[in-house]
1. In whole percent, and with a 1.4 Å probe on the protein chains, what portion of the accessible area of the range 54-158 is carbon and sulfur?
2. What's the magnitude of the charge dipole for the range 1-143 around its Cα centre, counting Lys and Arg as +1 and Asp and Glu as -1 at the beta-carbon? Answer in Debye, nearest 20.
3. What does the convex hull of the Cα atoms come to per residue for the chain, in Å³?
4. Relative contact order of the chain: what whole-number percent is it, with Cα pairs under 8 angstrom and at least 6 residues apart?
5. Only residues of the range 39-73 count here: report those whose backbone N is under 13 Å from the spot 7 Å along Cα→Cβ of Ile137, or say none.
6. Report the net charge of residues surrounding Val127, where surrounding means a beta-carbon distance below 11 angstrom and charges are Lys +1, Arg +1, Asp -1, Glu -1.
7. Identify unpaired cysteines across the chain, taking unpaired to mean no other cysteine Cβ lies under 4.7 Å from the residue's Cβ.
8. Could you pull out every one of the lysines with an alpha carbon less than 22 Å from that of Lys4, ignoring same-chain neighbours closer than 8 positions?
Amino acid sequence: MAEKVDILKHASREDQYKNLLPQIKALLEAETDTIANFANVSAVLKEAFGFLWVGFYIVKREQLVLGPFQGRIACTRINYGKGVCGTAWKENRTIIVADVNTFAGHIACDSESRSEIVVPIRKQGEVIAVLDVDSEIENYFTEIDAKHLEEIASFLEA
């Protein structure tokens, strides 16, 4: 697949995801390197949706370590069970936070972030990384995002 993705700028979010999913899947099937795939997924999502920040944290020992991302400088390490990312890792589930200021223990890597969604990436059921997406708009993420970001995560799972 060419390193170009067709993005529907003026479509509904649901239609944007439906358009992107087969393209992302094809892009990932052509590459076996996890870091390269994380990099391309974060780039596609940032370009398509204009999220404030999108990227990956990779499980290394008992911490999440910053991986490929698009956006401003980010927190480098997050402890197990801490913040939205660490909680999604610990609970092995997608977490949507409508207002980050109401999430107990939220880690403010970017003061402009108002809402967040974190999706686990698994290998044989164990979390190996998380996909973290932030928006500067409060209450931005919905079950539509969760459904489609979980599908993208499934493309990355081994």
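1. Accessible surface attributable to carbon and sulfur in the range 54-158 totals 46 percent.
2. Working: 16 positive and 20 negative charges, 78 e Å.
It works out to roughly 380 debye.
3. So the per-residue hull volume is 101 Å³.
4. 20
5. Zone members listed by number: 49-52.
6. The answer is +1.
7. Flagged as lacking a Cys partner: Cys85.
8. Partners within reach: Lys18, Lys25, Lys46.
The values are calculated or read from the model by the stated rules, or taken from the named source; none is laboratory data. Computed from a predicted model, the values in this text were never measured in an experiment. Note that each Cβ is placed from the backbone with ideal geometry, even for glycine, and that neighbours are counted across all protein chains shown. The accessibility values were calculated without ligands, DNA or RNA, using every heavy atom of the protein model including side chains. Shrake-Rupley method; radii C 1.70, N 1.55, O 1.52, S 1.80 Å.
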